[in-house]
1. Which FRET efficiency value, to the nearest 0.05, do you get for residue 261 and residue 128 by plugging their Cβ-Cβ distance into 1/(1 + (r/R0)^6) with R0 = 45 Å?
2. Working from Cα positions, state the angle (0 to 90°, nearest 10) between the long axis of helix 214-247 and the longest principal axis of the chain.
3. Return the single residue from 217, 352, 257 with maximal mean-square fluctuation; model: Gaussian network over the chain, springs between Cα atoms under 10 Å.
4. How many angstrom separate the Cα center of the range 256-298 from the Cα center of the range 19-94?
5. With each run of n ≥ 4 DSSP H residues scored as -39500 (n - 2.57), what mean residue ellipticity at 222 nm is computed for the chain after dividing by its residue count and rounding to the nearest 500 deg cm²/dmol?
6. Can you sort 148, 218 by how many other beta carbons sit within 10 Å, fewest first?
7. Springs between alpha-carbon atoms under 10 Å, Gaussian network over the chain: tell me which of 247, 31, 216 tops the mean-square fluctuations.
8. Taking the chain as the reference, fit the longest principal axis to its C-alpha atoms, fit the long axis of helix 35-45 to the helix C-alpha atoms, and give the angle between the two in degrees, 0 to 90, nearest 10.
């Protein structure tokens with residue numbers, strides 16, 4: 001029986017870290033992720049963990065310290081948001097290329113400029129192809145659960161890649177929800193101990209970390225990274241199944257909500273899924289066959305599985321909480337439609353960029369999307385597939 005609690009998303013993340021008890025946590029404060037290392041530092045000072053907490057002078061230094069610790073054979077964690085992640089950018093790529101299974105809690109926030117501290121997904125989308133596994137969390141429970149699964153996935157011998165667990169800034173990070181925690185001993189047993197095979201402090205195997213590759217080996221090393229990302233799919237499925245046996249909470253690559261007979265489907269990530277479910281329940285009571293596909297595993301991207309789930313729909317809307325500014329849709333839309341094309345799934349699909357800078361997205365906004373899909377399903381006419389939801393003025 002789990003422990004019933006009421007926690008914010010940041011508190012839940014910090015408690016997951018306490019139960020994991022990593023060797024090193026290096027962090028620098030940035031809204032809205034600041035509370036995670038702040039809460040965790042109290043666990044360090046109270047002696048509840050024996051983690052080495054490194055209060056660094058910048059986010060670049062935070063990731064650098066995590067890289068150094070993980071290279072030495074320690075289990076390392078951190079947390080950041082938005083501009084903090086941007087300052088880490090160089091080290092984000094180095095962490096993945098060195099195959100270091102660092103785990104980061106990314107509390108999603110708009111990247112400047114202009115300055116905005118509220119939620120969208122521009123930070124995560126900016127590093128979506130940096131070689132990190134990316135799990136998204138609809139609510140506080142999922143943020144906690146994903147973090148408990150993170151090390152098991154990242155540290156697997158067939159993966160060895162860093163992993164970020166995403167949740168929506170303020171919407172979940174600062175909102176208190178009912179949550180069920182694992183007992184400390186069960187959480188520790190599930191996560192297990194970190195036993196790296198190759199590390200700098202192993203005096204029986206002298207190694208170099210981060211050597212010069214140039215033309216000789218870099219291509220092959222990048223192919224190995226890509227293969228590790230593909231391997232992560234199987235590992236994520238296996239770890240999620242084991243977590244379900246322990247907790248009863250089921251996690252897959254994505255969640256299908258009322259998709260059995262759905263004709264009009266929205267695809268989205270993180271907290272917007274909750275709003276969409278409310279809209280679906282209302283529309284279903286009126287006889288509208290609405291459904292939701294909520295992405296949990298964004299990297300690696302489950303293209304084939306998503307295409308299979310969407311093949312019977314009559315019209316699809318992909319919601320992006322970040323604009324790629326490329327004139328051809330957001331990142332999630334591009335991935336979904338690419339996967340559908342490769343799998344020969346031909347369903348009218350449109351894109352909505354929404355919620356930029358924390359702009360509220362209501363049930364009525366989502367119902368408007370379904371109304372648009374209903375018209376597309378009837379006529380087959382898309383016109384402009386690249387749309388905005390909730391923006392003022394004509395676009």
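1. The calculated FRET efficiency here is 0.90.
2. For 214-247 against the chain, the angle is about 80 degrees.
3. Maximum fluctuation in the GNM of the chain, among the listed residues, is at 217.
4. What the calculation gives is 35 Å, centre to centre.
5. Value at 222 nm, helices only, nearest 500: -13000 deg cm²/dmol.
6. Arranged by neighbour count, lowest to highest, 148, 218 become 218, 148.
7. 216
8. 30
Where a number appears in this text, it was derived from the coordinates with a stated rule and is not lab data. Treat the numbers as computed from the prediction; the structure is a model and nothing was measured. Positions of Cβ are generated from backbone atoms using ideal geometry, with glycine treated the same way; all protein chains shown enter the neighbour counts.
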